[in-house]
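Throughout, read-outs are computed from the coordinates displayed, never taken from laboratory work. In this text, all values refer to a predicted model and were calculated from it rather than measured experimentally. When we count neighbours, we look across all protein chains shown, and the Cβ atoms used for this are built from the backbone with ideal geometry, even at glycine.
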Amino acid sequence: MVSQALRDNPELKAQRAKIAAAEQVPSQAHALPDPAADIELMNVSTSHPDLSNALTEGVSLGVSQTLPFPGKRGLAKKAAEVKADKERAALAVMEARIGGEVRAAA
């Protein structure tokens, strides 16, 4: 009865889903932010835009990448790992509580 309660309990299923989601975060937290690209047109009339001569008027292309302060990504990863550990510990507590309730009821 205990194993069935631990397998089928919706509260435990929801906690397991939280754990699965929390385990995905550390790799995301350690990744660099997405790069950005931009195009800037200069000296192009807004009333009658003529992009055929934009290259002679002025075009600017840019690509940028945010680089976090050294160690910041590692700390974000560690914080995400601690949160996943917390969710796993919460599951263990919930399983013990529900198992005890089933044993007491039986």
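Spin-label model, Ala14/Ala105: points 7 Å from Cα along the beta carbon direction are separated by 1.7 nm. Taking 0.36 nm per residue of separation and subtracting the Cα-Cα distance, full extension of the segment from Gln24 to Ile98 would add 24.0 nm. Here is the size of region 61-106 from its Cα atoms: Rg then Dmax, 20.8, 72 Å. Here the extension length gained between Asp85 and Met1 equals 27.5 nm, from 0.36 nm per residue of separation less the Cα-Cα distance.
Out of every Cα-Cα pair in the chain, what percent are more than 17 Å apart?
On the way: 3919 of 5565 pairs.
Tail of P(r) above 17 Å: 70 percent of Cα pairs.
The 3J(HN,Hα) values that the Karplus relation (6.51, -1.76, 1.60; θ = phi - 60°) gives for region 68-80 are, in residue order, x, 4, x, x, 5, 5, x, 5, 5, 5, 4, 4, 5 Hz. Gly and Pro appear as x.
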